[in-house]
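Structure first, commentary second.
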Amino acid sequence: MKELQPKILSGRPAAQGIGIGKIWILSDENKPVHPEKINKKDVSKHLEKYSNAKVVVTEDYERVKRLPDDFDLSEIIEAQIQTLNDPEVDKQVTKKIKNELNSAEYAIFSTYNEYIQLLEAADAKWANERTIDIVAIRDELIQATKEKKRVFDVRAGEIVFAEDISPTAMVKLSHKNVGGIVMEKGGLTSHAVILSQSLGIPCVINAHWNRYNIASGNSAIIDGSTGQVILRPSRKQIDEYEKRREDEINRYEKDLEWAQKPDVTKCGSEFKLRANVEFLEELPKISTHGASGIGLLSTETILFDADDFDVADQIEFYKKVIESVTEHAITIRLFDAGGDKLIEGSEGEANPFLGWRGVRMLLDKRNLLKRQLEAIYTVAGIYPGRVKILIPMISNVEEIRIVKKYCKEVQKSLEQSGINFDKNIPIGIMVEVPGIALMAAEAAKEADFFSLGTNDLTQYTLAVDRGNERIAHLFDSYHPAVWKLINMTKTAADNAGIPVAVCGEMAAYPEAAACLMGLGIKDLSMNSSSIPRVKAMLCNHELSEMQLLSERVLMAKELIEVHELLENWRTK
Ligand code: PEP
Ligand code: MG
């Protein structure tokens, strides 16, 4: 029989590192459940089956929550437990068993599917990622109604191939020391990806492995930096990637030595590298990676149910974050919902990224804004001088003035209530809309600092939807137009005497970070695992070299020229 040739798949790189090992397929053991009618006399048996399944799955989640870990996963698991015990879902399942005489399995399957369909109809990254969690609960519940339990018999070093991975499955897998993760679906901001980055497990998403004839036990290689997945690799490919993996590990360890060194270039020029944070699970690695505090704390993930989200909860959340960075400061971005991060009321827009997003939503939901400001001012009162506020999606200077007016109102009401607060919190804006970058001189009169959101700045400057896989090749932050807008923003900030930082993905690329330094932007925020390599690059070069690089980049006429300049600089 003819031997099958190696097959190379291209997915999206999600977490750095190379994995070489046997494939372990996280199979979807739960085939569709077909409708099954039951006798009236069996209703109580099926109701009991359902409530027992809930107990089993809840206990399983509680057990996962207690597993020893460096990462505080309790929030993710808690959210799963809450959904599992949601009274609305309960009502539906019970109704389907009791009134419609469906089997427990089918009642669970169809109720959860209705929920999933609602999320899928939302057609947004946030909703899709939540779908993974709901599918997981559905499948775990159905599994629990059966005798047979799902076992994670994956061995250390094996590469997990899955459709999607739920947070709980991810936690279980992380305890098995798996060699890598390949997913058909997944989003760059999904729990599984964030956790694999934090845990150092190479991960590739959107790799369509399901179309190929592979089985558990076949070999594979995955490269989490390029997104390549090689099925049935040849001996030569295995040798080549083993060598690459060794080089990568050596490089990471070498870079890590720089993590605790001072943030200064070879010629003694200072800079600051900070962490972008979204989940509490990311906090433990911040200091080991050498971050000087948090340059971007995204808060929209705590906004699942805006109307019920109370100030005390927010205060707790911000306190946990600030306490994790010892003496450093944190920049809290006000809720940047909308776009691909749906909240109630933002569904159904034709162009969500051009729609009701960030500050636009906040100015319509004033109570929500005021409650967030109240929480931030209160926390800043406990940790004075260590909190900054960042306003997302500013496209008009007037929006800054209005938010500042609310800040004053909140301060006044805190004063009246006798609550201690910090009235000197700097209020900055995200520069991520080209219109505000072009008007940066005016914006600088109202803002205390700028933070360049190069992800959105790229999407809006190039008219490329950042979430659209079809045109993903056109989404490129190295485009000369993006560099020009960055430089204009920096010049305007200098003229006004306000600081400017970068918190978009761009800062995580060492050569781009060097070029930003060359432009004079010395405050860079990124995912914390990229900090060591960026730091190593900046500490090992003179500022004058970086300035020369940035001058050349600003003169480039085409994207390819910028790529050549930056890549040659990195590898020189
Ligand atoms: C950005 O737009 O660059 C940014 C940092 O914000 P987000 O990716 O959360 O929109
Ligand atoms: Mg943005």
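The values are calculated or read from the model by the stated rules, or taken from the named source; none is laboratory data. This structure is a prediction, so every number in the text was calculated from the model and none was measured. Cβ coordinates were reconstructed from backbone atoms using ideal geometry, including for glycine residues, and neighbour counts include every protein chain displayed. The accessibility values were calculated without ligands, DNA or RNA, using every heavy atom of the protein model including side chains. Shrake-Rupley method; radii C 1.70, N 1.55, O 1.52, S 1.80 Å.
List of remarks:
- Of the helices (runs of 4 or more DSSP H) lying entirely inside region 479-557, those containing at least 2 residues that are within 16 Å of ligand 1 (Cβ to nearest atom) and surrounded by 19 or more Cβ atoms within 10 Å (Cβ to Cβ) span 480-496, 510-518, 531-539.
- Residue that is in contact (Cβ under 8 Å) with a residue 40 or more places away in the chain and either of a type in the set (Asp, Glu) or more than 16 Å from ligand 1 (Cβ to nearest atom) (or both), where the choices are 408, 388, 404: 404
- Residue match in region 414-431 (condition: open to solvent by 10 Å² or more (accessible area, probe 1.4 Å), within 12 Å of ligand 1 (Cβ to nearest atom) and not in a loop (DSSP other than H, G, I, E, B)): no
- Candidates in region 257-285 are the residues that are at pLDDT 90 or above and aliphatic (A, V, I, L, M); of these, the one that is most open to solvent (accessible area, probe 1.4 Å) is 264.
- Within region 293-341, the residues that satisfy the criterion of being more than 16 Å from ligand 2 (Cβ to nearest atom), modelled with pLDDT under 90 and either charged (D, E, K, R) or over 20 Å from residue 364 (Cα atoms) (or both) are 305, 307, 308, 310, 313, 326.
- Residue list for region 452-501, filter: touching a Pro at 6+ places or on another chain (Cβ under 8 Å) and within 16 Å of ligand 2 (Cβ to nearest atom): 453, 457, 460, 461, 485
- Residue match in region 451-459 (condition: at positive phi and in the same structural domain as residue 333 (by TED's automatic domain parsing)): no
- Residues of region 352-374 classified as of a type in the set (Asp, Glu) and either touching a Cys at 6+ places or on another chain (Cβ under 9 Å) or within 21 Å of residue 388 (Cβ to Cβ) (or both), total: 1
- Residue in region 369-377 that is assigned to a helix (DSSP H, G or I), closer than 17 Å to residue 297 by Cα and within 16 Å of ligand 2 (Cβ to nearest atom) present: no
- Residue in region 394-412 that is farthest from ligand 2 (Cβ to nearest atom), counting only those that are closer than 24 Å to residue 322 by Cα and open to solvent by less than 80 Å² (accessible area, probe 1.4 Å): 411
- Within region 89-109, being farther than 12 Å from residue 134 by Cβ, free of Cβ contacts under 8 Å to residues at least 60 places away in the same chain and crowded, with 16+ Cβ neighbours inside 10 Å holds for 92, 93, 94, 96, 97, 104.
- Among residues of region 352-370 that are in contact (Cβ under 8 Å) with a residue 60 or more places away in the chain, those with a beta-carbon under 9 Å from a residue that is more than 16 Å from ligand 2 (Cβ to nearest atom) and in a helix (DSSP H, G or I) at least six positions away or on a different chain give the pairs 368/306; 368/307.
- Sole exception among (1) at pLDDT 90 or above; (2) away from ligand 1 (no atom under 14 Å from the Cβ); (3) assigned to a helix (DSSP H, G or I) for residue 361, by number: (2)
- Of all positions in region 458-471, at least one carries a residue that is away from ligand 1 (no atom under 12 Å from the Cβ), open to solvent by less than 60 Å² (accessible area, probe 1.4 Å) and within 18 Å of the chain's Cα centre (by Cα).
- Just one residue in the set 2, 22 is of a type outside the set (Asp, Glu), open to solvent by 90 Å² or more (accessible area, probe 1.4 Å), modelled with pLDDT of 90 or more and over 30 Å from residue 509 (Cα atoms); that residue is 22.
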